[in-house]
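Data first, discussion second: the structure below is written as structure tokens.
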Amino acid sequence: MMTDLEKTFSEIDKQLDLDNQKREELITISRSAIRCSSIAIRHLHRKEISDAQKKIQENEEIIFRINELALEMNPYPFGMVNSANQEYVEAIFLFSFLQGKPFPSFTELKVPYLAYLHGIPDFIGELRRFILDTLRKKDSIDLAVKALDLMDELYSLLVTLDYPAGLTHNLRKKTDFVRNLTEKTRGDVTLALNRLDLVNTLNKTLQSYLPSNTRKELE
């Protein structure tokens, strides 16, 4: 009886050793994937699109290997895999937004659907950063409004997924954070629009008091 049990334990030991090797590789390449995504996002905010695209393409192969390894492991290592995948999704969504391209599905990206969902709130955080940069640099206010509308739309989609936290790995918490972030950003954009209206009104008022020849020169 003990001999059979020892044989069973020996088989389990071999499997654990194999899974441990995969786990070590997974940790290493997950860090590489997260680093790639972070660099790509930084390039995107700097409008260095070509450099960002190279990093995203480089990361595509790493993400594929991560998910391939994860499926071979038992139990499925959600934490490490999710972090790498969701940052990848975040970078892809930001790239798509800035390029005016449709957002890919999780099947097109070949990532787990939960990692895909968890990456969207992170992308919304990048949208806020984009909006604040746009307002600070006094770029087109229309871009900021467009990004805010997208934040609203994505929140509306996330809030429809009303499932237990254990099933969605607490997606609701991130969705609630998105709601607060969106409202805060709406306040920032509204303030910027009000300031712009005030400046335009003051300019029109000022021009009405100027001689017609001076007014033409200003125009």
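The values are calculated or read from the model by the stated rules, or taken from the named source; none is laboratory data. The model shown is predicted, which means the values in this text are computed figures rather than measured ones. Note: ideal-geometry Cβ built from the backbone for every residue, glycine included; neighbour counts use all protein chains shown.
Remarks
- From the options 37, 96, residue that is within 24 Å of residue 181 (Cβ to Cβ), under 15 Å from the mean Cα position of the chain (by Cα) and either among the β-branched types (Val, Ile, Thr) or surrounded by fewer than 21 Cβ atoms within 10 Å (Cβ to Cβ) (or both): 96
- For region 18-34, taking the residues that are among the aliphatic types (A, V, I, L, M) and surrounded by 15 or more Cβ atoms within 10 Å (Cβ to Cβ), the one that is modelled with the lowest pLDDT is identified as 26.
Okay, residues lined up against (1) modelled with pLDDT of 95 or more; (2) not aliphatic (A, V, I, L, M):
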| residue | (1), (2) |
| --- | --- |
| 36 | yes, yes |
| 41 | yes, no |
| 44 | yes, no |
| 67 | no, yes |
| 83 | no, yes |
| 89 | yes, no |
| 117 | no, no |
| 138 | no, yes |
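- Members of region 65-117 that are farther than 30 Å from residue 140 by Cβ, polar (S, T, N, Q) and touching a residue at least 12 places away in the same chain (Cβ under 8 Å): 67, 74, 82, 83, 85
- Where helices (runs of 4 or more DSSP H) fall entirely within region 50-150, those with at least 2 residues that are farther than 23 Å from residue 39 by Cβ are at 113-136.
- Residue within region 7-29 that is under 18 Å from the mean Cα position of the chain (by Cα) and without any contact (Cβ under 8 Å) to a residue 60 or more places away in the chain present: no
- The residues of region 153-171 that are surrounded by fewer than 16 Cβ atoms within 10 Å (Cβ to Cβ) and assigned to a helix (DSSP H, G or I), listed by number, are 153, 156, 157, 165, 166, 167.
- Selection within region 99-112 - under 25 Å from residue 129 (Cα atoms) and surrounded by fewer than 18 Cβ atoms within 10 Å (Cβ to Cβ): 99, 100, 101, 102, 103, 104, 105, 106
- Selected residue (criterion: surrounded by the most Cβ atoms within 10 Å (Cβ to Cβ)) from residues of region 61-83 that are aromatic (Phe, Trp, Tyr) and under 21 Å from the mean Cα position of the chain (by Cα): 78
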